Amino acid sequence: MHIKHLSLSNFRNYSTLELSLSPGVNLLVGRNGQGKTNLAEAIFYCATLSSHRVSGYIPLIKHHQDKAVIRLLAGFEERENQIELELNSVGSNRARINRSETTRVRDVLGLVNTVIFSPEDLDIVKRDPANRRAFIDDLLVQMTPRLAGVFSDYDRVLKQRNTLLKTSRNLPSNSPGLDTLAAWDDSLVKLGTEIISFRQELIQRISDPLLAAYQAIADEKNNPSIKYRSSLTVNTLVEIDSEAGDFLLSADRSEIEKLFREKLALLKPKELERGITLVGPHRDDLVLFLGEFPAKGYVSHGESWSYALALKLASAKLLKAESRAGDPILILDDVFAELDSTRRSRLAELVSDNEQVIITAAVSDDVPVALHAHRLAVTSGTVEVQND
Ligand SMILES: Nc1ncnc2c1ncn2[C@@H]1O[C@H](COP(=O)(O)OP(=O)(O)OP(=O)(O)O)[C@@H](O)[C@H]1O
Ligand SMILES: [Mg+2]
């Protein structure tokens with residue numbers, strides 16, 4: 001799939017923009033702060049309804065404006081889809097697909113697939129469990145759009161259950177006042193089990209493409225692998241890195257559900273003491289191994305880059321396998337400046353046959369010449385074609 005045209009109105013530092021993009025490589029070059037990442041973000045937002053750098057959408061609306069519009073025309077073979085999103089600072093957001101208003105904004109999910117890689121992705125390897133959960137959950141939603149509903153239902157149930165736990169704080173776990181908690185337990189287990197089993201399946205499916213991508217990009221031939229560290233199987237009351245074992249291996253729903261209920265029953269007194277939900281996918285983590293050691297805390301800076309990049313290239317492989325619209329759009333935001341020349345040329349080779357690649361760089365010399373196909377200059381919220 002590829003994006004043919006992108007229109008913006010009051011999005012970040014763009015007042016209005018009409019931009020045609022080509023299949024193949026589009027290289028956006030411009031000095032710092034001109035609007036390169038903003039363009040990448042607009043495309044990514046249309047595909048996923050999330051930004052790769054902020055949560056929420058308010059920062060996407062241009063300062064002193066109350067509405068931003070992103071419109072993009074995506075094509076695959078003979079088919080075309082126009083997606084339009086209207087982000088409102090007051091009132092709800094709206095979406096149109098091929099000029100018809102959708103019932104819910106999230107109906108646009110699944111129409112455009114993108115994989116973005118940016119320096120922030122190092123956080124997946126180096127930082128907190130929340131970064132790794134966001135990585136796998138965003139990929140899941142792109143592959144199976146209806147999961148967006150499951151995630152938002154889970155978040156709602158979790159919030160309500162936490163509120164109830166707070167108001168029931170320090171009650172004994174068998175008090176009669178806790179009947180409503182049991183109803184929330186059921187929803188938590190049902191939705192949480194679905195999330196965990198989807199994550200487990202994805203971890204299994206990504207393992208081969210991850211290995212292949214890492215070997216293609218990294219200097220040393222080490223083996224990456226992922227294991228699911230779940231609050232269902234480990235003692236969540238102790239510090240995470242202190243135990244290596246106890247990974248959840250099964251993706252079987254009835255098994256996960258059983259473990260979930262057992263753990264919830266076991267931790268209920270603790271939950272009532274602390275007033276928060278201690279078991280569920282919101283407390284889980286993916287442990288990224290390189291060889292036999294977890295990457296976090298062990299690998300070098302360069303290895304973290306290779307790992308993060310391999311996760312994204314593997315995501316693109318899976319999305320392609322799943323989709324009826326070919327390659328996802330690959331966005332490489334500010335990536336080449338950080339890589340050494342060997343990995344620059346390896347990355348260039350790996351992405352060059354993707355149907356569409358969007359690359360941003362402050363300095364065009366950082367990007368291998370083979371990727372200079374369609375060059376665009378970005379200057380304070382305007383874009384100009386530089387060649388062709
Ligand atoms: N909501 C907004 N309204 C107006 N301007 C904004 C808004 N959000 C961000 N900006 C501005 O947009 C400009 C461009 O940001 P962007 O992140 O796209 O830069 P960039 O070209 O990717 O730069 P770099 O090379 O440093 O990554 C910044 O100067 C920022 O202050
Ligand atoms: Mg940028």
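The values are calculated or read from the model by the stated rules, or taken from the named source; none is laboratory data. Just so it is clear, the model here is predicted, and its values are computed rather than measured. Glycine also receives a Cβ, built like all others from the backbone with ideal geometry; neighbour counts cover every protein chain displayed.
Within the stretch 88-111, the presence of a residue that is modelled with pLDDT of 95 or more and near ligand 1 (Cβ under 10 Å from one of its atoms) is excluded.
Scanning the stretch 1-43 for residues that are part of a strand (DSSP E or B), more than 16 Å from ligand 1 (Cβ to nearest atom) and either on the phi > 0 side of the Ramachandran plot or not small (Gly, Ala, Ser) (or both) yields 2, 3, 4, 5, 18, 24, 25. Taking the conditions exactly as written (within 21 Å of residue 316 (Cα to Cα), away from ligand 2 (no atom under 13 Å from the Cβ) and not in a strand (DSSP E or B)), does residue 47 satisfy them or not? Taking the combined requirement at face value, the residue satisfies it.
Filtered by the rule that a residue be assigned to a helix (DSSP H, G or I) and either crowded, with 23+ Cβ neighbours inside 10 Å or β-branched (Val, Ile, Thr) (or both), the stretch 50-86 gives a lone residue, 58. As a summary of the residue check, residue 190 satisfies the conditions (1) at positive phi; (2) modelled with pLDDT of 95 or more except for the one numbered (1). For residue 277, state whether it is under 26 Å from the mean Cα position of the chain (by Cα), assigned to a loop (DSSP other than H, G, I, E, B) and at pLDDT 90 or above. Yes; evaluated as a whole, the condition is true for this residue.
Scanning the stretch 50-73 for residues that are more than 16 Å from ligand 2 (Cβ to nearest atom) and of a type in the set (Ser, Thr, Tyr) returns 50, 55, 57.
For the stretch 89-99, indicate whether the set of residues that are in the same structural domain as residue 328 (by TED's automatic domain parsing), in contact (Cβ under 8 Å) with a residue 60 or more places away in the chain, touching a strand residue (DSSP E or B) at 6+ places or on another chain (Cβ under 6 Å) and surrounded by 15 or more Cβ atoms within 10 Å (Cβ to Cβ) is non-empty. Among the residues of the stretch 89-99, not one is in the same structural domain as residue 328 (by TED's automatic domain parsing), in contact (Cβ under 8 Å) with a residue 60 or more places away in the chain, touching a strand residue (DSSP E or B) at 6+ places or on another chain (Cβ under 6 Å) and surrounded by 15 or more Cβ atoms within 10 Å (Cβ to Cβ), which makes the answer no. Residues that are within 16 Å of ligand 1 (Cβ to nearest atom), among the hydrophobic types (A, V, I, L, M, F, W, C), in contact with a helix residue (DSSP H, G or I) (Cβ under 6 Å, 6 or more places away or on another chain) and outside any loop (DSSP other than H, G, I, E, B) within the stretch 362-388 comprise just one, 378. Of all residues in the stretch 315-337, those that are over 14 Å from residue 118 (Cα atoms) have Cβ atoms under 9 Å from Cβ atoms of residues that are charged (D, E, K, R) and in a strand (DSSP E or B), 6 or more apart or on another chain, in 325/79.
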